[in-house]
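Notes follow the structure.
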Amino acid sequence: MAADSRRLLFLTASEVDDLYGLPRFTEDDRLLYFDLSPAERKAVYGMHTTSAAVHLVLQLGYFKAKRRFFVYEHAAVLDGLQYILLRYFPERDLNTVKPLSKPTRLDQQEIVLDLFGYRLCDAAARAELSRMVRERDKEMDQIFETLRRSAALRCLMMMRSHALVTEEELRSLSAEVQRASESP
C-alpha cells in the first residue's frame, strides 16, 4: 500500500493494466480478434470513410478481447491500425487514417453492442436491475433469516430451488438429506 494512501490495494499496477488497459495483441491475437464475421464485415464496409472503417475493426477486436470500449490516443494504437489496413484495406496508407470524433466513436460503440447483442445500461435498465436485486435480496433473506437446526432442511430446499448449491455439494450430504431437500 502506498504510504500516502488509505486505500487497500488488491491488484498491482500491472494487473490493473492487464484487466483495464488497451489489449496488447500478438500476431496470433490479431488474427483471431480482428477476424470479421459476415455481419461485422458488412458494418465495416458500410462506413463512410476508411478511417471510420479501420477504427470500427479496431473497436470490434478490442471488444472481443475485453468486452469493453476504450478511448485511446491515435499513437497508442498504430500497430493495430497498420495491421487492419494491411489486412482489409491494403490500398490505403496509415497516414490517411485519422482519429475518430467522439460522436463517431459513440456511434461505432452502438454498432458493436448491437453486433454482440448487448445494450447500454440506461436509466430504465438500471432501475430494472435495482428492482431485481431488491427482489433477489428478499428471497435470500428468507433463505437465511433463520439458521436454526430445525429450519436447515427448509433452507436447503430453498437454496436448491435458487441454484445456490451445486450437485457436487449435494452429493456430499447423506442420501436421506438429498431426498428430503428435493422440491415437492
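So, how do all the Cα-to-Cα distances of segment 88-167 break down into 10 Å bins, in percent, from 0 on up? Histogramming segment 88-167 at 10 Å steps yields 14, 21, 20, 15, 13, 10, 5, 1 percent. Among the listed values [x] 61, 35, 21; [y] 44, 35, 32; [z] 75, 50, 36, the one computed from these coordinates for Cα extents along the principal axes in Å is [z]. The alpha carbon convex hull volume per residue for segment 29-124 rounds to 105 Å³. Ranking of M157, M132 by neighbouring Cβ atoms within 10 Å, starting from the fewest: M132, M157. For segment 138-150, putting each phi into the Karplus relation 6.51 cos²θ - 1.76 cosθ + 1.60 with θ = phi - 60° gives couplings of 4, 4, 5, 4, 5, 5, 9, 5, 10, 10, 7, 4, 5 Hz, in residue order, rounded to whole numbers and with x for Gly and Pro. For K98, the lysines whose Cα comes closer than 22 Å to its Cα, not counting residues fewer than 8 places off in the same chain, are K42.
Across segment 70-184, Cα pairs under 8 Å and at least six residues apart give a relative contact order of 14 percent.
The longest part of the chain holding none of the exposed loop trypsin sites (Lys or Arg not before Pro), meaning those outside H, G, I, E and B in DSSP with at most 12 other Cβ atoms within 10 Å, is 69-118.
Give me the distance between the Cα centres of segment 1-62 and segment 68-103, rounded to whole Å. Their Cα centres are 12 Å away from one another. In order along segment 68-76, the phi-based Karplus estimate (6.51 cos²θ - 1.76 cosθ + 1.60, θ = phi - 60°) of 3J(HN,Hα) comes to 8, 9, 10, 9, 10, 7, 3, 5, 6 Hz; Gly and Pro are listed as x. To the nearest ten degrees, helix 50-66 and the longest principal axis of the Cα atoms of the chain are 30 degrees apart.
Read-outs: derived from the displayed coordinates by stated rules, not from any lab. This one's a predicted model, so the numbers in the text were calculated from it and none came from an experiment. Note that each Cβ is placed from the backbone with ideal geometry, even for glycine, and that neighbours are counted across all protein chains shown.
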